[in-house]
Amino acid sequence: MPPAKTGYRYALAQPGVVAFTATGALARLPVAMVALALVLLVSETTGSYAFAGALSAAFAVTAALASIITSRWADRFGQVIVLRILAVLHSLLLVLATLTIIRSAPDLLQVAVVIAAGATSPAIGSYVRARWSHASHINGQSALLRVGFAWESILDELIFTVGPLITTALAFGVGFPVPLVIAAAAVLVGAMGLSLSKASTPPPALREGKRTSVLAVVRTRGLWVLITSALGLGTLFGALDVGAVAFTGARGSGSTAGVLLACFAAASMIGGIAYGARAWPGRLHRHTQVAAALLALVCAGFWFTDTNAGAILVASAAGALVAPTLIGVFSLTQRLVSPANLTEGLTWTNSGLAAGFAFGSALAGIGVDAFGSRAGLALCFGGAFLSSLMLFAGDRSIRSSAQAPIESAAPAAPMSWNDDLLPGPHPGA
């Protein structure tokens, strides 16, 4: 086995890595645009944050559930064919959803088209992370996987820094429907480009032999702890999207929502860089618990701020703690599930984020209409608290997957193929 090497430069120098990370980043840019774009367009068209949050939630929930099935297909038949089909369908349905909203189609029709768009949303983050796991196995170096996951987290935060700024700039400067159209184009071009990077694609799982049920992977001991923790993080992200639009709009500067979300993501990117740039001593699950607890503490600050500047400050502090938490949750998932089901296991965790995003968006919209503009941001604390609580409450069930220090974790075995996170919901899927 070659001597272990670490660092982003070494990781990005591996064959095919630049191609799949670049196209993967473009393909998941819509994750940082669609939810905010829906909230902006629907609230502008109807004046209802509740309906805006409901549509955003419908998209996220469907994406979370459907991505589990499409990830199984990708593990079984390979990423290439699944990516190409989903890219075409998803981009077309995003454009159709935009048309139904701006033409004030019946509410049920709008919901149906948005649900269809969510059902065809490719889990790009999971696809890319599965490729990193495949590369780490080929090289026989587990450190490559840690650096790769950290790099993808950094790209996620960069996407969530740029995405909200692009979305608000296009919405207020060009037109509210434009961000959704741009998102459709990005996912089409990016996903097609990713499907062309065949050399880095993990081989499909064997198509013969005993077939496992759709719930087999989720029965893995400890995985529900991580899924529920991810649900809490997703709630934070969904509530932040709706809460930022309502909070800044109520203070006469709706476009500042993009700045707030961008600062949150930029701080998360910095946190990801700092965490992923070196091998930290200690156990992975302890790092994740500490980061999640600090995140909940910081999010409590949303209860006490009354200005856009104060909200941006709290969001930035929270963002710096999001990346280490996300890296930990996904890395623990990778250690828990079997190599042949890695894409599906990552997608279950990603779907927890997506479901939380949907819950946070919907509840924040209802809260804003009922209790005022601060309610959405206040809900962020609830999501962060749930995430932290689950990691501590489920300590025993996840501890066995993290007994080895981060630097000495067993290398990932060959696996099937791909992955992603919701509308990945991240500091924004």
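Throughout, read-outs are computed from the coordinates displayed, never taken from laboratory work. Please read all numbers here as calculations on a predicted model, not as lab measurements. Because the Cβ atoms are built from the backbone with ideal geometry, glycine has one as well, and the counts that use them run over all protein chains shown.
The slack between F77 and A169, meaning 0.36 nm per residue of separation minus the straight C-alpha distance, is 29.1 nm. The charge dipole of the stretch 1-120, taken about its Cα centre with unit charges on the Cβ atoms of Lys, Arg (+1), Asp and Glu (-1) only, comes to about 480 debye.
Note on the stretch 72-155: Cα-Cα pairs beyond 14 Å make up 70% of the total pair count. Once both labels are positioned 7 Å from their Cα atoms along Cα-to-Cβ, the gap between F371 and R84 label points is 5.0 nm. Which of the listed residues, P177, S56, G193, is farthest toward the dipole's positive end in the stretch 47-206, when Lys, Arg count +1 and Asp, Glu count -1 at the beta-carbon? The listed residue farthest towards the positive side: G193. Each residue of the stretch 349-360 was assigned a 3J(HN,Hα) from its phi angle through the Karplus curve 6.51 cos²θ - 1.76 cosθ + 1.60 (θ = phi - 60°); the sequence is 5, 4, 5, x, 4, 5, 5, x, 4, 4, 4, x Hz, with glycine and proline shown as x.
Expressed as cubic angstrom per residue, what is the convex hull volume of the alpha carbon set of the stretch 33-74?
53 Å³
Can you pull out the trypsin sites (Lys or Arg not before Pro) in the stretch 4-110 that DSSP calls coil and that have at most 11 other Cβ atoms within 10 Å? If you can, show how the numbers build up before the last one.
On the way: sites: K5, R9, R28, R72, R76, R84, R103; in loops: K5, R28, R103.
Filter output for the stretch 4-110: R103.
Residue order for Y8, Y127, Y49, Y275, fewest other beta carbons within 10 angstrom first, comes to Y8, Y275, Y49, Y127. Full extension of the chain between L196 and I69 gives 43.5 nm of extra length, using 0.36 nm per residue less the Cα-Cα distance. For the stretch 226-376, the orientation-averaged shadow of the C-alpha convex hull comes to 8.9 nm² (one quarter of the hull surface).
Full extension of the chain between D107 and R283 gives 58.4 nm of extra length, using 0.36 nm per residue less the Cα-Cα distance.
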